[in-house]
Amino acid sequence: MAQSQPCVLVVEDEGAQREVLKYNLEAEGFNVVMAENGDEAMLLVAEEQPDLIVLDWMLPNVSGIEVCRRVKADPSTRAIPIIMLSARSEEVDRVRGLETGADDYVVKPYSVVELMARLRTQLRRTRPASMGERLSFADIILDSSEHRVFRGGQALHLGPTEFRLLSTLMEKPGRVWTREQLLDRVWGRDIYVDTRTIDVHVGRLRKALMAHGGDNPVRTVRGAGYSLG
Ligand code: CA
């Protein structure tokens, strides 16, 4: 399951703080990538497409606020939740942080427990299946904490890969996923898998979903990829 866990980008120039965050995020089961400054952060946002960014306000050169502004100005990265970290606690700065488009704001010194709770709140919204939420689409229900799938009330039997594939599709019904995007999400980008492999697993998923009848809910979008509905 590790590959489909959310990827969190930590942007923090202080090494000790970075390590504390990495340790705690990995303990929660997240994949973690780290940047020491704003330029590195922008590169990693483009390369890794993280699911969430924990962003320190005070960074050398390109500030946290500027990173936030850039991420939120780009339509391809706008939806990534950003939690800003700052030593500034005055209300005026809090407002300024949120005005740049940050989704939440935590004041240093922060409690790790509180930061993790806020992070989970953001991810339940954007990556519900990975956070153990129950998802539904038409007559299909996916219970990610119990690892079970039902269609029209009947339990379905899915292999682990098909389960991750369906979780991904059910998080964003109607979105067209390219084969490469599905491979990144379902297998992880560090593993080499031929893109045709995805077609095989989509075929198995369709078969499992239609085992007790019902239409094929996974649409092939010619020249693009797959979408649910
Ligand atoms: Ca700092």
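Would you mind stating whether I191 is of a type in the set (V, I, T), part of a loop (DSSP other than H, G, I, E, B), closer than 21 Å to N31 by Cβ and modelled with pLDDT under 95? Spell out the reasoning first.
Numbers: of a type in the set (V, I, T): yes; part of a loop (DSSP other than H, G, I, E, B): yes; closer than 21 Å to N31 by Cβ: yes; modelled with pLDDT under 95: yes.
Yes, satisfied.
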Could you count how many residues in segment 64-107 are of a type outside the set (A, V, I, L, M, F, W, C), surrounded by fewer than 17 Cβ atoms within 10 Å (Cβ to Cβ), within 14 Å of the ligand (Cβ to nearest atom) and at pLDDT 75 or above? 1
Which condition breaks for T220 when tested against (1) in a helix (DSSP H, G or I); (2) under 23 Å from D139 (Cβ atoms); (3) of a type in the set (S, T, Y)? (1)
Restricting attention to segment 40-50, which residues are within 16 Å of the ligand (Cβ to nearest atom) and among the charged types (D, E, K, R)? E40
I'd like the residue in segment 40-49 that is touching a Leu at 6+ places or on another chain (Cβ under 9 Å) and either part of a strand (DSSP E or B) or modelled with pLDDT of 95 or more (or both) and, out of all such residues, is surrounded by the most Cβ atoms within 10 Å (Cβ to Cβ). A41
Any chance you could count how many residues in segment 10-39 are within 15 Å of the ligand (Cβ to nearest atom) and outside any helix (DSSP H, G or I)? 9
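Quick one: would you say M58 is within 12 Å of the ligand (Cβ to nearest atom), surrounded by 14 or more Cβ atoms within 10 Å (Cβ to Cβ) and part of a loop (DSSP other than H, G, I, E, B)?
Criteria met by M58.
The values are calculated or read from the model by the stated rules, or taken from the named source; none is laboratory data. No experiment lies behind these values; they were computed from the predicted model shown. No Cβ is skipped: glycine too gets one built from the backbone with ideal geometry, and neighbour counts run over all protein chains shown.
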